[in-house]
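Rule-based calculations on the coordinates, nothing more; no lab input. What you are looking at is a predicted structure, and each value in this text was computed from that prediction instead of being measured. Counting neighbours? That spans all protein chains shown, and the Cβs are built from the backbone with ideal geometry, glycine included.
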Amino acid sequence: MRKNIVAGNWKMNTTLPEGLALAKGLDEALKGKTPNCDVIIGTPFTHLASVAAAIDTNKIGVAAENCADKEKGAYTGEVSAAMVASTGAKYVILGHSERRAYYHETPEILKTKVELALANGLTPIFCIGEVLEEREAGKHFEVVDAQIKGSLFDLSAEDFAKIVLAYEPVWAIGTGKTATSDQAEEIHAHIRATLAAKYGQEIADNCTILYGGSCNAGNAKELFSKPNVDGGLIGGASLAVDKFMPIIEAFD
Ligand code: 3PY
């Protein structure tokens, strides 16, 4: 049976002291509680080791927001999957639309990142999603299929089974617009069918598919009530404990 997950994506927010306070605040808020979902926080690279050391990582998983597409060596400023794994992080967010748009990450680059993440024991949270023009042109199904096929479909079934997907319509990121729960369900069901056609129904049924894009305390319950929406990748609302906790608690 697949897992429900609520994962925060802090993006390029918080200094180290601010990030540590946020992580510790969440750890405190979860004390004595057993949420009906796995909880993950995606933090800047600079925070990973300190955050992982400061919280109960059995309760809150730690994710990097990126990793390099090279194993190691003379790549000034890059952070490898092995380095991420050595901090205590267990996850890495890959293919976020901001990385695709601003840092020109192609399906081929992302394929390499996914492979390096898996080789280093990290679980990729792999983001896919269409821009507004693509949705308006009715191309959203083919866009997400191409993103999945281009970066993930050379994986063995065993490796694919380790992937978490996050569908994030780009028009809903940082815009305050959210896909309706019916729009989310429609495309999540489509994604699951695409996975089933390649890897079989069991692997497709076991794949966690998160919704991302202006998911917040006000809409999480409705989105998560849909059978193919297995949780959320949360941007702005993961930056405050009192905004993030109600999203975690939306799984009751
Ligand atoms: C958002 O909610 O805006 C996100 O981009 C989450 O990754």
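Taking 0.36 nm per residue of sequence separation and removing the Cα-Cα distance, the Thr76/Ala21 pair yields an extension gain of 16.8 nm.
Our estimate of slack between Tyr102 and Asn206, defined as 0.36 nm per intervening residue step minus the Cα-Cα distance, is 34.2 nm. With a cut-off of 17 Å on the backbone N, the residues of the stretch 234-252 near the modelled label site 7 Å out from Asn13 along Cα-Cβ are 234-248. Applying D = kT/(6 pi eta Rh) to the stretch 1-131, where Rh is the Kirkwood radius over alpha-carbon pairs, T corresponds to 37 °C and eta to 0.692 mPa s, the Stokes-Einstein value obtained is 216 µm²/s.
Between Leu155, Leu20, His188, the Cα set farthest toward the positive side of the dipole of the chain (charges on each charged residue's Cβ, about the Cα centre) is that of Leu20. Taking Cβ atoms as reference points and 13 Å as the exclusive limit, the residues near His47 contribute a net charge of 0, counting Lys and Arg as +1 and Asp and Glu as -1.
Summing charges over all other residues whose Cβ lies under 12 Å from the Cβ of Ser181, with Lys and Arg as +1 and Asp and Glu as -1, gives -2. For the stretch 5-248, the relative contact order is 20 percent, taking Cα pairs closer than 8 Å that sit 6 or more residues apart in sequence and dividing their mean separation by the residue count.
Using the Cβ-Cβ distance between Ala53 and Ala197 with R0 set to 35 Å, the FRET efficiency from 1/(1 + (r/R0)^6) comes to roughly 0.25.
For the stretch 116-144, the residues whose amide N sits under 13 Å from a probe point set 7 Å from the Cα of Glu158 along the beta carbon direction are 119. In vacuo Debye scattering of the stretch 52-189, one point per C-alpha: log10 I(q)/I(0) at q = 0.20 Å⁻¹? Summing over Cα pairs of the stretch 52-189 leads to -1.22.
Overall shape of the chain was characterised from the C-alpha gyration tensor. The equivalent ellipsoid obtained from it has semi-axes of 25, 23, 17 Å, in decreasing order.
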